[in-house]
Structures are given as C-alpha cells and as structure tokens.
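Each value in this text was obtained by applying a stated rule to the coordinates, not by laboratory testing. This one's a predicted model, so the numbers in the text were calculated from it and none came from an experiment. With ideal geometry, Cβ positions are generated from the backbone for all residues, glycine too; neighbour counts draw on all protein chains shown.
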Amino acid sequence: MTASITSTPEIVIAIRDVHTRLGGVVIHDGVTLDVYRGRIFALAGPSGCGKTLLLREALALHVPDSGSIRVLGRDVVGIGDEEALELRQRCGVVFERAALFSSLTVAENVALPLRERTRLGRTLLDEVAALKIALVGLPPSAGPKYPSQLSGGMRRRAALARAIALDPELLFLDEPSAGLDPASGREFEELVRHLNELLGLTVFVVTRDLGLLWNVADHVAFLGEGRVVAAGTMQEVSRSDDPMVRAYFYRARSEPAGAQG
Amino acid sequence: MRCSGSWTVDRIGRVERLPRGLAWRKGVAVVLDASAVVAMDMAGAWLLHRTARGLEHRGRTVTLRLRPEHEALLRIVTSSGVVTGPPRTRDRPRLLSAVGRRAWISAGELGGLVSFFGEMGVTAARARTGPLRVRWRQVLQHVQTAGFEALPTAALLSFFIGVVLAYQGSALFRPFGAGILVADLVGLAMLRELSPLLTAIIVAGRSGSAYAAQIGAMKMTGEIDSLRAVGVSPIEVLVLPRIAALLVVLPLLTVAADVLGVAGAMVVAKSELAMGSGEFLGRVAREIRASDYLLGVGKAPVFAVIIAVVCCYQGFQAADDADSVGRRTTVAVVQSMFFVVVADAFVLVLSRLFGI
C-alpha cells in the first residue's frame with residue numbers, strides 16, 4: 001500500500017474549473033486541482049477564500065454552480081443521496097471544531113459510525129474502537145471519558161479516531177491544528193503523517209498552519225481570489241512570484257511557528 | 001482454516017461469530033490461511049488476530065498465512081496494545097449508595113442555591129453603593145418578552161379556569177338554591193390562590209426555561225467568562241435585570257388573570273344561573289376582602305424572585321455540553337414550580353396564623 005507511491009499515482013480527487021457563488025459573491029472562479037492517492041495534499045490560502053467550502057463541495061455537502069468534482073472515481077456534482085452516503089463512508093472527516101458528540105464518551109463516539117454502518121457484534125465493536133483510539137495515540141483511559149474532560153489536542157485526536165473508524169481511503173481535515181498550542185499542533189502533524197504512511201491514507205487538509213504545510217504536506221495548492229494561484233510542493237509554492245502568495249508567506253514566515261523550510 | 005473474500009469492516013460482521021462455533025479438528029497445529037483474502041482493513045486484521053490469539057490461548061500453535069500487503073496491517077493491530085474483549089462493565093450503584101449519592105447531590109444543590117442568593121445580594125448591595133446602574137433597556141426588554149408576550153396565554157388560561165370553576169360551583173350550589181355562592185368561590189379561589197399560581201407556572205415554563213437555557217448556552221460558549229474577564233459581573237448584567245423584570249411582570253399578570261378569571265365565571269353565571277353581571281360583581285365586591293386580593297397579588301413578587309433566581313442559578317450550573325444545558329433547563333422549570341408551590345403553602349400557613 002505504502003510502497004505504491006511510484007511515478008504516476010492515481011488521482012483520487014479531481015477538481016475541474018469549479019465556480020461557486022455564495023449570496024452573490026464569487027468564491028470560486030475556476031478552481032482546478034488534483035489530489036493523488038496516498039499523498040498528503042494541503043489547501044492553503046487566506047481566510048475567506050473558500051478553502052472549507054471546497055472541502056464541503058468534495059464531500060457533496062455543497063453543490064458548486066458549475067465545474068466538475070470527481071472523488072474516488074465518482075462525480076460528486078449532482079450525486080444522489082444514496083451514492084453520496086456511500087461515498088462519505090469511504091471518507092473520514094474531521095471538522096474544524098472537532099464536533100465530538102458531547103453526550104457520548106470517546107469510545108462511544110468512535111464506535112458510533114461502526115454501530116451505524118456495520119453489523120459488528122458488541123465486543124468486536126468495542127475492540128475496533130479501542131484499536132482506533134490506540135492508533136491515534138490516546139491512552140486507553142481516554143475511552144470512557146467524555147469530550148469535555150479532554151484537552152483540545154486530545155479531543156482532536158479523538159475526532160480523528162472517529163474519522164478513521166470505518167477505515168476510509170480518504171481523510172479530510174479542516175484546520176486540524178487551529179486552536180492547538182504549537183507542541184500539540186506538531187504532535188498532531190506527526191500523527192497525520194504517521195497514519196498516512198501506516199495506512200496509505202490519502203489526506204486532504206485545509207490549513208493555515210505553516211508547520212503542517214512545510215513538514216507534512218506532499219503537495220500544496222494556494223487558493224486566492226477564487227482560483228489556484230500556485231501549486232506543487234511547498235518549496236515550489238513558496239518560490240511563487242504571485243503577490244498574494246508572497247504577501248502570505250513573507251509575513252507569515254517570520255513568525256516563530258514557521259518551520260525550518 | 002481458509003479465509004477468503006473481503007475482510008473489511010462492512011462485511012466482517014457475518015464472519016465474526018463463526019470461528020468460535022467451528023468444530024475444530026483435533027490436534028495442536030492450526031493453519032489460518034488468509035492468502036485468499038482480497039481486501040482487508042484494520043477491523044478484518046483485528047478479527048484474524050483475535051481468532052489466532054484465542055486459539056493459542058487454548059493451547060494450539062497457530063500459523064498465519066497472509067498476503068504480503070496485509071502483513072503491515074496485522075503488525076499495526078498486534079502492536080496496538082489493545083487486548084481482546086475489554087470487559088464492558090457499567091457499575092450499577094446499590095440502592096443505599098444511590099440514595100446517599102442523590103441526597104449528597106441535592107444537599108450540594110441547595111447549598112449552591114443559597115450561596116447564589118448570597119452572591120446576588122452582595123452584587124445588588126454593591127450596585128446600590130456605587131452609581132446605581134439599573135439596566136433599563138434590558139429590564140424593559142425582559143418585561144416585554146416575559147410579560148407582554150405572555151399576556152394572551154395567561155389571560156386565556158385564567159379565563160377558562162374561571163369558566164370551569166364556575167361550572168363546577170354552580171353544579172354544586174344550585175341544588176341548594178345557593179347559586180350566588182359561585183361568586184364567592186371563584187372570587188376567593190382566583191384572587192387568593194389560582195391567579196398567582198397560574199401566572200407563576202406560565203412564567204416559569206415560558207421565561208424561566210428560557211433564562212436557564214440562555215445562561216447555560218452563554219456559559220458553554222464562554223460568554224460568561226468573557227463578561228467576568230472584562231470586569232462585568234454576570235450576575236449584575238444577567239440575573240438582576242431578569243429578577244427586576246419578573247418583579248414587575250408577575251404582579252401585573254396576576255391582576256390580569258384575576259380580572260379574566262372572574263370574567264370567565266361571570267359569563268357562566270349568566271348562562272347557567274341567569275345571574276346578571278352587575279349582581280355577580282356586586283357579590284364579589286362585597287364578599288371578597290381587600291386583604292384576599294392583596295395577599296394574592298402580594299405573593300406574585302415572591303414567586304417572581306423564586307423563578308428568576310432558581311432558573312438563572314440552574315443556567316449557571318450548566319457544564320460544557322449540550323446535554324447538560326437541556327438537563328439544567330428541565331431542572332430549572334421543575335424546581336422553580338416546586339419552590340413556588342412550597343412558598344404558596346408557606347404563605348397560607350402564615351396567613352392562617354395571623355388571621356388574614
């Protein structure tokens with residue numbers, strides 16, 4: 001699985017010329033990008049440029065005005081409810097605020113997609129949930145705790161455990177390190193990298209975090225003014241002449257959080 | 001044993017119980033041959049691992065045959081440190097300890113309520129000494145939502161209570177030729193007891209629940225802490241205006257309920273007992289003492305404080321999850337109604353003692 005990163009990897013998300021307007025404002029003005037299997041793809045850009053919206057469109061949670069989006073070989077624009085459900089089952093998502101169900105324990109949160117979508121017996125359900133909790137680096141004692149009893153970083157891990165409960169092929173992360181201290185942010189980055197290597201997961205991450213962009217992402221696309229203004233490896237993107245990219249990274253890279261590029 | 005097909009999380013439920021029920025052939029060595037498995041994920045790998053461990057536990061030697069691409073998965077599963085069958089225990093507390101725990105929690109709640117009362121008093125006192133900052137706009141806003149908007153409900157309900165009481169009363173008194181006593185019954189019951197109680201219950205259900213939910217949600221989103229952080233006492237901005245508003249609103253609603261209740265009875269008296277409205281009102285005015293009326297209206301501010309304080313307190317007790325806001329809202333309404341009725345009974349005892 002992991003070893004399959006060869007010369008021409010399979011494209012799992014293909015976004016072609018997507019246009020989206022929200023309330024009369026043009027958000028996407030012809031976005032085109034590719035995400036390759038087994039890679040970590042990061043979408044960067046200033047806030048309000050429609051990064052999260054693009055992620056929602058890839059999950060068929062929002063329909064673009066025009067253009068095509070293919071995820072795992074399926075056209076998601078105009079997809080039926082049934083098919084969308086099936087597709088989402090092959091994708092794991094962690095939204096920005098982690099959104100764990102506050103009335104359930106961590107173990108129950110992780111077991112929820114398993115219970116709803118599969119016919120596993122109770123013990124096996126618990127065991128698989130425990131497995132995922134261990135995989136994201138949470139101690140077994142975190143299982144019976146409620147989300148409100150966990151720290152922000154642990155909550156993010158728990159949300160990740162829930163997202164990978166069904167062994168998805170594709171993992172969507174929306175601002176995974178927002179609101180985390182640098183140390184937990186870095187640990188989370190390592191975890192994403194680790195899971196990507198371990199399970200061959202394809203990761204689509206929306207982020208503003210420079211550490212993540214530099215250290216974790218294989219490919220980066222920079223979204224600005226409704227289109228992809230720079231794409232490639234982080235090295236290539238950071239050398240882009242586009243004024244928007246320059247403004248973003250020039251100022252941002254002087255911050256201590258900016259990693260050793 | 002030979003395994004084939006896809007061992008993925010959506011398919012594996014069917015195979016799960018199989019290995020346990022299998023009649024294993026005698027002998028020690030078992031070969032688990034999973035090389036025909038097309039697709040495997042972590043759940044599948046775990047099931048394989050668990051089956052192998054179970055067999056080894058019963059003294060057999062297990063040889064696992066896997067496709068090379070699945071070996072990494074099995075390694076992850078084996079090294080995860082998860083043990084088979086974590087016991088699902090949910091300790092049910094015994095009766096005695098359950099009673100004890102509840103009592104302890106209730107005592108704590110009562111103590112919290114008392115200290116909340118104290119905190120409120122201190123805040124109010126401080127607001128007195130400093131420049132008296134009554135937040136008129138907020139108070140008026142709460143008067144509008146808790147009072148004016150509750151008026152139709154309170155009026156309609158008390159009207160119908162008056163109608164029902166008069167019907168029952170006339171059925172009871174007419175055979176004795178004492179139909180006129182309906183006026184006494186309805187007048188006394190409404191003015192002294194039912195109007196204040198009814199309006200208190202309506203306001204607790206409408207506004208008390210809203211107070212608990214609002215404050216609970218504000219606590220969840222960190223707004224309460226933000227208020228404290230900018231040096232504003234949440235009690236001063238959130239609780240005191242609500243108390244003030246209910247202090248204004250509840251007596252007014254009670255008076256409205258008095259009027260509508262008697263009016264309802266009047267309508268029935270006319271149709272059932274052929275008693276004119278002038279006669280009816282005259283009887284009410286003669287038989288009901290001013291003290292009865294004032295006692296009824298006088299209870300309203302007491303109820304107002306109970307409802308506002310209990311509901312705001314419960315809002316402040318909410319934890320950081322949606323569940324607890326819901327629970328606190330329920331408790332707020334139930335508890336404030338309970339305390340209202342207790343206070344009502346207390347007032348009754350006092351009025352008996354002093355012969356009012």
* Asked: So for the pair residue B:349, residue B:109, with labels modelled 7 Å out along Cα→Cβ, what separation do we get in nm?
  -> 2.1
* Per-residue mean of other chain beta-carbon atoms within 10 angstrom of the beta-carbon, peptide A:112-120? -> 3
* Asked: So what's the back-of-envelope 222 nm ellipticity for the protein assembly as shown, counting only DSSP H runs of four-plus at -39500 (n - 2.57) apiece and dividing by all residues, rounded to 500?
  -> -17500 deg cm²/dmol
* Asked: Counting only residues 5 or more places away or on other chains, whose amide H sits under 5 Å from the amide H of residue A:204 once H atoms are built in the peptide plane?
  -> A:41, A:171, A:172, A:173
* **Loop chymotrypsin sites (Phe, Trp or Tyr not before Pro), segment A:160-249, which have at most 11 other Cβ atoms in a 10 Å radius of their Cβ (DSSP)** => none
* By a straight-distance test (C-alpha under 17 Å), which aspartates and glutamates pair with residue B:299 as possible cross-link partners, with residues fewer than eight away in the same chain excluded? -> B:193, B:258, B:344
* To do: For the protein assembly as shown, give the magnitude of the charge dipole about the Cα centre (Cβ charges: +1 Lys/Arg, -1 Asp/Glu; no others), in debye to the nearest 20.
  => 1860
* Distance from segment B:242-308 to segment B:43-69 (C-alpha centre basis), Å -> 80
* Structure fact -> Correct response: the longest run of chain B lacking exposed trypsin sites (Lys or Arg not before Pro), defined by DSSP loop and at most 16 other Cβ within 10 Å, is B:136-288
* **Overall Cα dimensions of chain B - principal axes, largest extent first, Å** => 103, 63, 39
* Asked: Amide H of residue A:220: which non-local residues (sequence gap of 5 or more, or other chain) have their own amide H closer than 5 Å, using H built in the peptide plane?
  -> A:42, A:232, A:233, A:234
* Percent RCO, i.e. relative contact order, over chain B, from Cα pairs under 8 Å lying at least 6 residues apart -> 19
* Per-residue HN-Hα couplings for segment B:236-252 [Karplus 6.51, -1.76, 1.60; θ = phi - 60°; Hz; x = Gly/Pro] -> 5, 8, 9, 8, 4, x, 5, 5, 4, 4, 5, 4, 6, 6, 4, x, 5
* Shielding of B:2-15 by partners, i.e. mean partner chain Cβ atoms within 10 Å per residue? -> 3
* Structure fact -> Reduced to Cα centres, the span from segment A:135-184 to segment A:218-238 in Å works out to 27
* Roughly how compact is chain A, stated as its Cα Rg over 2.2 N^0.38 Å to two decimals? -> 1.00
* Mind checking A:140-151 for the average number of partner chain beta-carbons within 10 Å of each residue's beta-carbon? => 2
* Asked: What length, rounded to one decimal in nm, is gained on full extension from residue B:137 through to residue B:287, with 0.36 nm per residue of separation minus their alpha-carbon distance?
  -> 49.8 nm
* Asked: Per-residue HN-Hα couplings for segment B:43-54, Karplus 6.51 cos²θ - 1.76 cosθ + 1.60 at θ = phi - 60°, whole Hz, x for Gly and Pro?
  -> 4, x, 4, 5, 4, 5, 4, 5, 4, 4, 4, x
* **GNM top mover of B:326, B:315, B:282 - chain B, alpha-carbon springs below 10 Å** => B:282
* Distance (nanometres) between label positions extended 7 Å along Cα→Cβ at residue B:60 and residue A:122 -> 2.7
* To do: Using a cut-off of under 15 Å, list every residue of segment B:241-268 whose amide N is near the label point 7 Å from the Cα of residue B:145 along the Cα-to-beta-carbon line.
  => B:241-246
* Residue exposure sequence - B:62, B:349 - by fewest surrounding Cβ within 10 Å -> B:349, B:62
* Sort out for me the Cα centre separation of segment A:30-52 from segment B:131-184, rounded to whole Å. => 63
* Asked: What is the projected area of the convex hull of the Cα atoms of the protein assembly as shown, averaged over all directions, in nm²?
  -> 42.2
* Structure fact -> Applying the gyration tensor rule to the Cα atoms of segment A:1-87 (axes a ≥ b ≥ c; rounded if a/c under 1.5, else prolate if a/b exceeds b/c, else oblate), the class is oblate
* Using the beta-carbon distance between residue B:10 and residue A:198 and R0 = 22 Å, what value does 1/(1 + (r/R0)^6) give for FRET efficiency, to the nearest 0.05? -> 0.60
* Asked: How do B:161, B:215 rank when sorted from fewest to most other Cβ atoms within 10 Å of their own Cβ?
  -> B:161, B:215
